[in-house]
Amino acid sequence: MSNNQYKADQIKVLEGLDPVRKRPGMFIGSTGEQGLHHLVTEIVNNSVDEILSGRGNRIEVTLNQDGSVTVVDNAGGIPTEIKEEYGKSALELVMTKLHAGAKFSEGAYKISGGLHGVGSSVVNALSKCMTVIVFRNGKVYKQEYERGEAQTEVEEIKRKEVPIQELWTSKYTPLESGTVVTFFPDKKVFDTTEFSYKQLRDQFKEYAYLTPGMTIKIRDLRKEEEREKTFYFEGGIKSLVKSINKHKKPITPPLYFKAEKEEVLIEIALQWVEGFAKNILCFANNIKNLGGGTHLTGLKSGLTRTINDYAREAELLDKDDENLSGQDVREGLTGVVSIKMNAENIQFEGQTKTKLGNSYIRGFVSETIREKLGDHLEETPSVGKSIVQKAETAARARKAASKARKTVMRKGALKSTTLPGKLADCSESDPEKCELFIVEGDSAGGSAKQGRDRRFQAILPLRGKILNVEKANLNRILSNKEIRNLIVALGTGVGESFDPESSRYEKLIIMCDADVDGKHIETLLLTLFFRYMHELIESGNLYMAKPPLYKISSGKKEEWVYSEKERKELEKEWGDNIRIQRYKGLGEMNPIQLWETTMNPENRILKKVTIEDAQKADETFTKLMGDEVAPRKRFIQTRAKEAELDI
């Protein structure tokens, strides 16, 4: 019999907020930047819920100099009365107990993003300290906490004790009732406690689109030059779609549909544009669902069926023609689907709310699309014709690409004695131990091949600049030799047949020269991966190598330098008697130098490519790589001061 059986005294019960501090990732996703910013999201969501329920219309968020965050709303204020069965105030229960809140009470919140009643208490548990001030019924109350536990009783204070002018900047909307939450994220919990103004700003802009009539302001007081932005939109998600597509050529005007079914409010905004990318954003009770869910599934199925039905009724498809696929219909589509429903009925997969789980929502959204979009297409046949023609073009390209893909990805191609392109493969057979360097140019490729560790490092040199996939369909992309070689080398396929699990390498590393051409090649490759293999980015498999810019010597001392700032600091430290060698290209380094500086896992610098905001990434790639010159010119001009020019 095994002696590994556990005993009763080994069973531990986590009381109060202990589970949150013990396993924070279960509640906020991670203890990295994502989880840190989720703290702000949880508090702001509570304020948005108040506004959605008709209490209040303004939120102000301040990133304070001391590292704390303050969120203020002019809503109803958290109740402070004593709950007799607990012997504590409602405020303390909400802030210190899991699953405590009005969102469990029928009628308190018709619409709410807070499902589990854990948002405020989780933020409290993961904060070094927190202060809550409540304006309610003409009085002001205050309570302080430390790592989730109340340090004071709820006390009534005088209004003049609250620095209202610092907390509330609106001259036209008085703060007569509401809640002020200030918290310091706990450095013992988080990898970083530095909030991103840009990330929060973009998120709050999205919130303003989703809640017409709500004002939300963010201020950053951490630097000498304060930053602030205020958002207010009347147009809702239709305006959001127009904003996303502002640098794209429209095929249809923005379409907006709204329906209410069994106390579920459904809003859908759609617009087709020229190009091949599709971008569909999903929200449930103003919470962005990065994982999609049943509303996304319903939108996709409803669109495919509605467009095919219309195409046949309007005789835009012949009887013998195949139906348009979902991929065909969604090519070039920007869409937003937002549902709002009773707080007690909504179902998310996990506290971070990345995916909607209510099964009946799929049918509701699909039915709404079929009714509303179907009627609109009949009333405006020019719009319907434009959508069908766009989808037919996509279908022809899809079929041509399928033939090309079968040729490229024929079984056993990589087992041939002739490897694709100039791929120098590694000897290791376990993909999890392998990495592929995608290298700019034959010269650098030659150095990399000689300097690598052949056991686990493969090298694929690229000849010049690959095709700009932002302006090409998949059929044309597959006809490009360099891209085709890359796809074959990876083994993942592309398009409909893309399978990230089939990748022959755990790490894909883009290694280009540290000059303008190198940055252009990096951007072309990033566009390819983002548009056609984004799962590799989402799974954390794509990296960018950072080669050195200089080798600085003084006597017997040598040091590799990776930025202009480092060079200036080292020159100041070492004095005038130094030698500086500038490396403009990877090919200028010999194999040993390339290994030591850029390829050796022990000391190399790799930058992981991530997608923090798919919408912003889509907009950036459209600006940089799309057909419109003006947006690209403005992008470059506004960032010219940030660039380090190699003259």
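Brief remarks follow.
- Each of 439, 197, 148 was placed along the dipole of the chain (beta-carbon charges, centred on the mean Cα), and the one lying farthest toward the positive end is 439.
- In nm, spacing of pseudo-spin labels at residue 30 and residue 359 (7 Å Cα→C-beta vector): 3.3
- Remark: spin-label model distance residue 192-residue 315 equals 6.1 nm, labels positioned 7 Å along the Cα→Cβ axis.
- The distance separating the Cα centre of segment 314-337 from that of segment 178-243 comes to 37 Å.
- Taking amide H positions as modeled 1.01 Å from N, with prolines and chain starts lacking one, no residue 5 or more places away or on another chain lies under 5 Å from residue 162.
- Subtracting the Cα-Cα distance of residue 243 and residue 169 from 0.36 nm times their residue separation leaves 23.9 nm of extension gain.
- Peptides 134-146, 325-337, 225-237, ordered by how many other C-beta atoms sit within 10 Å of their residues on average, highest first, read 325-337, 134-146, 225-237.
- Taking other residues whose beta carbon is less than 15 angstrom from the beta carbon of residue 187, and scoring Lys, Arg as +1 and Asp, Glu as -1, yields -2.
- With the simple model of a label 7 Å out from the Cα in the direction of the Cβ, residue 375 to residue 465 spans 5.0 nm.
- Förster radius 56 Å - calculated FRET efficiency between residue 155 and residue 453 (Cβ-Cβ, nearest 0.05): 0.30
- Amide H contacts for residue 510 (H built 1.01 Å from N in the peptide plane; partners 5 or more residues away or on another chain; cut-off under 5 Å): 438, 543, 544, 545.
- Calculated FRET efficiency for the pair residue 584/residue 290, C-beta based, R₀ 35 Å, to 0.05: 0.30
- Packing, taken as the mean count of other beta carbons within 10 Å per residue, orders the peptides 387-396, 593-602 from highest to lowest as 387-396, 593-602.
- Cα centroid separation, segment 357-401 to segment 123-160: 51 Å.
- For the peptides 44-55, 82-93, 445-456, the ranking by packing is 44-55, 445-456, 82-93, with the highest mean count of neighbouring Cβ atoms within 10 Å listed first.
- When semi-axes √(5λ) of the Cα gyration tensor in Å is calculated for this entry, the matching label among [x] 43, 28, 23; [y] 45, 36, 25; [z] 46, 39, 31 is [y].
- Shape analysis of segment 226-292 places it in the oblate category; the axes a ≥ b ≥ c from the Cα gyration tensor give an a/c of at least 1.5, with a/b not above b/c.
- Dimensions of segment 358-404 based on its C-alpha atoms, expressed as ranges along the principal axes with the largest first, amount to 40, 31, 7 Å.
- Rounded if a/c under 1.5, otherwise prolate or oblate - segment 461-510, Cα gyration tensor axes: oblate
- Secondary-structure-derived ellipticity at 222 nm for the chain, considering helices only, amounts to -10000 deg cm²/dmol, per-run term -39500 (n - 2.57) for DSSP H runs with n ≥ 4.
- Distance from the C-alpha centroid of segment 439-504 to that of segment 26-102: 48 Å, rounded to the whole angstrom.
- Taking 0.36 nm per residue of sequence separation and removing the Cα-Cα distance, the residue 66/residue 499 pair yields an extension gain of 151.3 nm.
- Taking amide H as placed 1.01 Å from N in the peptide plane, residue 281 has its amide H under 5 Å from the amide H of 335, 336, 337, each at least 5 places away in sequence or on another chain.
- Modelled FRET efficiency - R0 35 Å, residue 137 with residue 229, Cβ distances, 0.05 increments: 0.60
- Remark: relative contact order (the chain) = 10 percent; criterion is Cα-Cα distance under 8 angstrom and separation of 6 or more residues.
- Dipole magnitude (debye, nearest 20) for segment 457-591, charges at Cβ of Lys, Arg, Asp, Glu: 460
- Note on segment 505-583: antiparallel DSSP beta bridges, both residues inside, total approximately 75 percent of the bridges counted.
- Surface composition of the chain: carbon and sulfur atoms hold 45% of the protein heavy-atom accessible area at a 1.4 Å probe.
The values are calculated or read from the model by the stated rules, or taken from the named source; none is laboratory data. On a predicted model such as this, the values are computed, not experimentally measured, just so you know. All Cβ positions, even for glycine, are placed from backbone atoms using ideal geometry, and neighbour counts span all protein chains on display. Quick note on the areas: whole protein, heavy atoms, side chains included, nothing else; ligands and nucleic acids left out. Shrake-Rupley method; radii C 1.70, N 1.55, O 1.52, S 1.80 Å.
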